[in-house]
Structure formats: C-alpha cells, structure tokens
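Values in this text are rule-based calculations from the coordinates and carry no lab data. All values reported here derive from a predicted model rather than from experimental measurement. When we count neighbours, we look across all protein chains shown, and the Cβ atoms used for this are built from the backbone with ideal geometry, even at glycine.
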Amino acid sequence: MKYALIGCGRVAKHHIWAARNNNIEIVALCDIDYDKAVAFAKTHSIENVNIYKDYKELINNEDVDFVSIATVSGTHGEIALYCAQNKVNFIVEKPLAMSMTEADAVIAAAEKSGVVAGTCHQNRFNIAVQELKAALDNNRFGKISHGSINVRWCRTKAYYDSDDWRGKWLSDGGTLMNQCVHGIDLLRWLMGDEVVSVYGQVRNSQHPYIEAEDIGVAVLTFRDGSVATVEGTVNMVEDLEQTLSVFGEDGMARLGGLNASSVDVWRFKDEEAADKDRREIEEKAANVYGNGHTSLFMDFVNAINEKRPPYVDLYAGRRAIEIILAIYKSQKTGQVVKLPLTDFGTKDMI
C-alpha cells in the first residue's frame, strides 16, 4: 500500500512511525517549506521519496492509496476537501476543520466521491479507553450520572513562538481546539454522542501573546439527562494529566496519565474476575500523543481493503469540533448553545 504525508511538522513523525509499523510504503512527502520536508526525510531516513511543496501537485502526480494531512490546523479542511474531490483516501489530523460549514463540506464531498476518510483521534485505541468503551456498551455503569474530561498541560511561550500560526483564531484556535480536542472526542463518544446543549467560558489568563484561550471550561448536557464537564488548559508549570471520568449508578471509572492511557479508578457493583487486571492497566507512552497512531493506521488500511468506513470517521472529527465551537459561541453570546451547531467557526471569535 502506497502512502504520502502532507505536512512535516510537530506531529508528522508519529504518522511516519505508524506507516512503518504497518509496513506501508512511503512514496511522497509535502510541506510548503520544501527544505523542511527534505530535512524531515533525512532525519527519519526516508529514502527514494518524492518531495513536494504544493499538496495539489502531490495529489495530481502521485498514485497513492491514501494520504495523511498533518499541516497547520487552519488548512486541514481545505486539503481534506481537495483530497475528497479528487477521490484520494485520507486521514486528517485534528481538528477536522475550523468551522462547521467547512467540516460539513468535507464530509459531503467524501461521501459523494466514495473515498475512505477519517480523523486522527488516535486515543480511541488506548487499551484503557477500549476497556471503558466495552464496559459502557455492556451497560455495566447502569444509568449514567455524569462524566468529565480534564486536560491539564503546559505550553510555554517558546512553544507558541515555534510557529507563527499557533494560538491564532483562524489557523489554530486555543487550548480547547488544539490540546483538548482529543479528550473532548473521548468524552462525547464514550457518553453516547448525543449532546443537546453546551455552556462554556474561555479565558486567556497567562498567554497574552496569543489570540485565543489558554483555559476553557464547560458543562455539556446529554439527551438522556446526564451531564459532563470539560476543563482544558495549558497553564500548568508542566504537563500534568489528561483524566477522563464516568460515574453511573452501578460503577465508576477514571482514566489518567498524560493521555487517558492508564486506569486510576475501576469499581463496579457487579465485580468481574477480569476487573482486577483492568485496574492494573498502565499503557506507557513517550509523550502526550500516546501510542494509538499505529492502530489507527492499521484500521484505516483495513478499511480501504474492506471498502468500509474507518473506526474513527469524519463524523468523529465533526462531533469533537462541534463541542469546541459551541463553547466558543457560548463565551461570545453568554448563552447556553443548543445543538446541532451548523454555522459557527473560529473566525467568529476574532
């Protein structure tokens, strides 16, 4: 299977590692900074590869089975739309897009052309997350009371200075859109997706040199009456945690670590023999990106071969940004925002 990477920045190496771990042939790289792409190829010992500065040239010239899009966040929707229109299978990094209109356009184009397309929410493949999903699907929690996601990381001025697009509304958004989007995806997915309203507040407390927020908090209401809270911030002195909790009448669980990859709490009224082992889950990861890219790429390749949607599809990406954009809209209006959300984007926060 032939693969090309569009975007050679901070997250790109995880895509290359995932491709190699799945024995996928890397045939092309692309970055608007040509020298950066050349250096990336050298650093990662990628040989006999074509390098492009323009993603359209890559797509028009290369015979690939799929591409992954790991460019500046504000360009994800544009490139994904071009891939869909040209019938190229693609994985797009988070966030899927910076507006609901753009996300819906990508989904419509992908469905019209029949391509296999997905969003890179790799933490769904965490061992602990998969166990929690199975417990929820098997109704071990009973009636759900509430849940929460807490993303407490650190991003310094040096991080924002490293690329001029970071922290800007049009190209990046703030901590919710960049750092907390994975956790929000997990929270909504695990609790059943059906969010009916969002009330949120965002602030720029400690990063006056960026446009967007460095802390955001929100309350989500689900159709079944359960509620959940969101806290996302980069105001820690160092990366602390990404913890995800679910509480029900018959059980409670909390996943922790830097990316919800370990089990901190696992208690149920109907204790199973395997629960003892589940309480010991602690998946080691080198950083906040976790280990899920390899599994996500494996599933995507299988989806192409089996002509089916991937495990993490475009709707997953849409649902995650819908929550974030609803929080932003709630901050702007001071009101509870009802879902579905159809016409809001980060540009509306400028």
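Taking the average, over residues, of other Cβ atoms within 10 Å as the packing measure, peptides 194-201, 309-316 rank 309-316, 194-201 from highest down. As a length-normalised measure over Cα pairs under 8 Å and 6 or more apart, the relative contact order of segment 253-319 settles at 22 percent. For the chain, a crude dipole built from +1 on the beta carbon of Lys and Arg and -1 on the beta carbon of Asp and Glu, taken about the Cα centre, is about 320 debye to the nearest 20. The loop-placed trypsin sites (Lys or Arg not before Pro) in segment 302-333, going by DSSP, that have at most 15 neighbouring Cβ atoms within 10 Å of their Cβ come out as Lys307.
So what's the net charge close to Phe247: Lys and Arg +1, Asp and Glu -1, counting the other residues with Cβ under 15 Å from its Cβ? Provide the component values of the computation, followed by the final result.
On the way: positive: Arg140, Lys143, Arg254, Arg267, Lys269; negative: Asp224, Glu249, Asp250, Asp264.
Around Phe247, the surrounding residues sum to +1.
Rounded to the nearest 20, the Cβ-based charge dipole of segment 78-127 about its Cα centre (Lys and Arg +1, Asp and Glu -1) stands at 180 debye. Loop-located trypsin sites (Lys or Arg not before Pro) in segment 1-52 (DSSP state not H, G, I, E or B) with no more than 13 neighbouring Cβ atoms inside 10 Å: Arg10.
Against the chain, whose longest principal axis comes from its Cα atoms, helix 76-85 is set at around 60 degrees. Of the residues Thr243, Ile210, Tyr82, the one whose Cα sits farthest towards the positive end of the charge dipole of the chain is Ile210 (charges of +1 on Lys and Arg Cβ, -1 on Asp and Glu Cβ, taken about the Cα centre).
Taking the Cα centre of segment 1-93 as origin and charging only Cβ (+1 Lys, Arg; -1 Asp, Glu), how large is the dipole, in debye to the nearest 20? Write out the running numbers ahead of the final one.
Working: 9 positive and 12 negative charges, 46 e Å.
Computed charge dipole of segment 1-93: roughly 220 debye.
Relative to the longest principal axis of the Cα atoms of the chain, the long axis of helix 314-333 lies at roughly 70 degrees.
Projected onto planes of every orientation and averaged, the convex hull of the alpha-carbon atoms in segment 171-282 covers 8.3 nm².
For segment 241-347: lysine pairs with Cα atoms under 30 Å, gap of 8 or more or different chains, count? Qualifying lysine pairs in segment 241-347: 6.
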